[in-house]
1. Right, residue 226: away from ligand 1 (no atom under 12 Å from the Cβ), under 23 Å from residue 80 (Cβ atoms) and out of contact with any strand residue (DSSP E or B) (no Cβ under 6 Å at 6 or more places or on another chain) or not?
2. Here are some residues: 136, 159, 118. Which one is over 16 Å from the mean Cα position of the chain (by Cα), surrounded by 15 or more Cβ atoms within 10 Å (Cβ to Cβ) and modelled with pLDDT of 95 or more?
3. When only residues in region 63-106 that are touching a Lys or Arg at 6+ places or on another chain (Cβ under 9 Å), assigned to a helix (DSSP H, G or I) and of a type outside the set (A, V, I, L, M, F, W, C) count, which is surrounded by the fewest Cβ atoms within 10 Å (Cβ to Cβ)?
4. Can you say whether residue 21 is in contact (Cβ under 8 Å) with a residue 40 or more places away in the chain, charged (D, E, K, R), surrounded by fewer than 19 Cβ atoms within 10 Å (Cβ to Cβ) and part of a helix (DSSP H, G or I), as far as the supplied structure shows?
5. Picking from 38, 97, 15, 7, which residue would you name as being more than 21 Å from residue 219 (Cβ to Cβ) and hydroxyl-bearing (Ser, Thr, Tyr)?
6. For region 1-18, enumerate the residues that are more than 13 Å from ligand 1 (Cβ to nearest atom), at pLDDT 95 or above and either part of a loop (DSSP other than H, G, I, E, B) or surrounded by fewer than 18 Cβ atoms within 10 Å (Cβ to Cβ) (or both).
7. Looking at 90, 32 in this structure, which one is touching a strand residue (DSSP E or B) at 6+ places or on another chain (Cβ under 8 Å), under 26 Å from residue 133 (Cα atoms), without any contact (Cβ under 8 Å) to a residue 40 or more places away in the chain and not aromatic (Phe, Trp, Tyr)?
8. Given the options 188, 228, 209, name the one that is of a type outside the set (Asp, Glu), under 22 Å from residue 13 (Cβ atoms) and over 20 Å from the mean Cα position of the chain (by Cα).
Amino acid sequence: MRVAVLSGAGISAESGVPTFRDDKNGLWARFDPYELSSVQGWERNPERVWGWYLWRHYLVGTVEPNAGHRAIADWQKDADVTVITQNVDDLHERAGSSPVHHLHGSLFEFRCAHCNKPFHEELPAMTEPTIEVEPPVCHCGGLIRPDIVWFGEALPQGPWRHAVDAMESADVVVVVGTSAIVYPAAGLPEMALARGTAVVEVNPEPTPLTPYVTLTIRESASRALPGLLERLPTLLK
Ligand code: BJW
Ligand code: ZN
């Protein structure tokens with residue numbers, strides 16, 4: 001059985017990484033996440049955006065993958081499983097999944113916002129959240145930014161191609177922990193459904209995708225994913 005997994009922030013929530021739309025507690029809760037993750041937001045206040053990403057970069061380094069990430073890595077040992085994630089953390093990789101196709105970039109890669117040159121220098125550790133921090137400056141004078149896909153930016157071609165191929169060749173698509181509202185990623189399960197492929201949604205809450213999927217499992221990722229692959233043939237009968 002060929003399986004494609006599309007994950008979102010919900011799979012990392014139980015590891016302690018706030019989801020994109022539900023982070024009501026952090027220092028940045030009073031700011032609009034759409035502003036913090038857009039080119040306009042960066043241009044208006046790069047110090048605030050850099051502070052937010054530096055904090056999340058630190059935070060992700062302090063947490064561990066959970067049973068949901070580990071279950072998917074286990075599936076890859078026995079079946080043909082393609083992992084596509086919208087997440088910018090590295091928890092799928094740390095759980096043992098390989099390869100992982102990151103549609104929205106990585107919290108661990110940086111580049112110049114002006115000349116695009118990758119930036120490999122060590123970053124100052126932010127062990128306490130700090131609302132505004134000066135970003136490093138490239139040799140060309142441009143500011144260093146996270147290599148993350150912000151609103152209004154194109155997705156990286158390689159991961160996108162892998163994702164579309166996976167939707168076209170999968171026997172079943174498992175969509176886990178995403179609000180399914182950010183395009184073009186949210187269009188991937190739609191592609192599979194249009195081909196008649198079974199789509200299973202794992203999410204404690206309904207999403208705009210829910211009415212169209214083949215099967216909904218309204219549980220958290222860490223409860224639903226362990227053992228799911230073995231149960232799928234029966235569940236989809
Ligand atoms: C649990 C759980 C548990 C909780 N277990 N589940 C129509 C078509 C195409 C595009 C557009 C369109 N309309 C508008 C657009 C543009 C825009 C868009 O989609 N906007 C929408 C908001 C309407 N899209 C873009 O701008 C994209 N680019 C683009 O379209 O480019 C065009 C272009 C082409 C050529 C040249 C130039 C341009 C880019 C989108 C980039 C998204 N980036 C972000 C931020 C960066 C990463 C970061 O900093 O984190 O990526 S936005 C943010 O949303 C982040 C996420 O990856 C992404 C998806 O969020 P996700 O993962 O679904 O998280 P949440 O928080 O929303 O949901 C969590 C879910 O988990 C919930 O459902 C919970 O219930 C659940 N959950 N606990 C399981 N334990
Ligand atoms: Zn530069």
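The values are calculated or read from the model by the stated rules, or taken from the named source; none is laboratory data. Just so you know, these numbers come straight off a predicted model, no measurement behind them. Cβ atoms come from the backbone with ideal geometry, glycine included; neighbour counts cover every protein chain shown.
1. Numbers: away from ligand 1 (no atom under 12 Å from the Cβ): yes; under 23 Å from residue 80 (Cβ atoms): yes; out of contact with any strand residue (DSSP E or B) (no Cβ under 6 Å at 6 or more places or on another chain): yes.
Considered against the rule, which asks whether it is away from ligand 1 (no atom under 12 Å from the Cβ), under 23 Å from residue 80 (Cβ atoms) and out of contact with any strand residue (DSSP E or B) (no Cβ under 6 Å at 6 or more places or on another chain), residue 226 comes out as yes.
2. Details: 159 fails: over 16 Å from the mean Cα position of the chain (by Cα); 118 fails: surrounded by 15 or more Cβ atoms within 10 Å (Cβ to Cβ).
Only one candidate passes the filter, namely 136.
3. Here the residue is 68.
4. Details: in contact (Cβ under 8 Å) with a residue 40 or more places away in the chain: yes; charged (D, E, K, R): yes; surrounded by fewer than 19 Cβ atoms within 10 Å (Cβ to Cβ): yes; part of a helix (DSSP H, G or I): no.
Criteria not met by residue 21.
5. Details: 97 fails: more than 21 Å from residue 219 (Cβ to Cβ); 15 fails: more than 21 Å from residue 219 (Cβ to Cβ); 7 fails: more than 21 Å from residue 219 (Cβ to Cβ).
Of the residues listed, the single one that is more than 21 Å from residue 219 (Cβ to Cβ) and hydroxyl-bearing (Ser, Thr, Tyr) is 38.
6. 2
7. On the way: 32 fails: touching a strand residue (DSSP E or B) at 6+ places or on another chain (Cβ under 8 Å).
Sole residue among the options that is touching a strand residue (DSSP E or B) at 6+ places or on another chain (Cβ under 8 Å), under 26 Å from residue 133 (Cα atoms), without any contact (Cβ under 8 Å) to a residue 40 or more places away in the chain and not aromatic (Phe, Trp, Tyr): 90.
8. Only one candidate qualifies: 228.
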